[in-house]
Amino acid sequence: QVQLVESGGGLVQAGGSLRLSCAASRVIFSIDTMGWFRQAPGKQRELVAIVTSGGSTSYADSVKGRFTISRDNGKNTVYLQMNSLKPEDTAVYYCQITSSYGPPRWGQGTQVTVSS
């Protein structure tokens, strides 16, 4: 069973930066997309950013220009660089990997808290 291990969350002041990482415990073949979602208390999980196998990226409007998603195919790892963080970015962040085999895989989540 492949596990996705996230790291990099924490507490930061508004305007600060964090870099999240998500690594698969073993190779995942035929990856389609790698992405980051977040869920704030009392809200539904929402897509933050996604990168396709071809390298195309897409972002939620709320994070455009501040967040950057990237991937290392050789390491089956996806990153989320978050700059100019705002209190409304506070949430649990989850990585997701989809492939041609099996259902989407999710990480366990990492807490990001932005203080004002």
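Give the ranking of Glu88, Glu46, Glu6 by solvent-accessible surface, highest area first, calculated with a 1.4 Å probe.
Glu88, Glu46, Glu6
What are the ³J(HN,Hα) couplings of region 88-105, residue after residue, when phi is run through the Karplus curve with 6.51, -1.76, 1.60 and θ = phi - 60°? Round to Hz, x for glycine and proline.
6, 7, 4, 4, 8, 9, 10, 9, 9, 10, 10, 8, 6, 10, x, x, x, 9
Taking R0 as 25 Å, what's the FRET efficiency between Ser25 and Ser100 from their Cβ-Cβ distance, rounded to 0.05?
Efficiency at R0 = 25 Å is approximately 0.85.
Please list 3J(HN,Hα) in residue order for region 23-36, calculated via the Karplus relation 6.51 cos²θ - 1.76 cosθ + 1.60 where θ = phi - 60°; whole Hz, with x for glycine and proline.
10, 7, 5, 7, 4, 10, 8, 6, 5, 9, 9, 10, x, 10
Please turn the phi angles of region 46-60 into ³J(HN,Hα) values with the Karplus equation 6.51 cos²θ - 1.76 cosθ + 1.60 (θ = phi - 60°), one per residue in order, whole Hz, x for glycine and proline.
Values per residue, Gly and Pro as x: 10, 6, 9, 7, 8, 10, 8, 4, x, x, 6, 10, 9, 10, 5 Hz.
Where the accessible area of the chain is counted over protein heavy atoms with a 1.4 Å probe, how much of it, in %, is carbon and sulfur?
The value for the chain is 48 percent carbon and sulfur by accessible area.
Rounded to the nearest 20 debye, what is the charge dipole size of region 60-116 about its Cα centre when +1 sits on each Lys and Arg Cβ and -1 on each Asp and Glu Cβ?
That gives a dipole near 140 debye.
Taking a 1.4 Å probe, which of Arg105, Arg66 shows the most accessible area, and what order do the others take after it?
Descending accessible area places them as Arg105, Arg66.
On average, how much accessible surface per residue is there in the chain, in Å², for a 1.4 Å probe, leaving out ligands, DNA and RNA?
53 Å²
The values are calculated or read from the model by the stated rules, or taken from the named source; none is laboratory data. All figures in this text were calculated on a predicted structure; none of them were measured in a lab. Methodologically, a virtual Cβ is constructed for each residue, glycine included, from the backbone with ideal geometry; neighbour enumeration extends over all protein chains shown. Heads up: the accessible areas ignore ligands, DNA and RNA and are worked out on the full protein's heavy atoms, side chains in. Shrake-Rupley method; radii C 1.70, N 1.55, O 1.52, S 1.80 Å.
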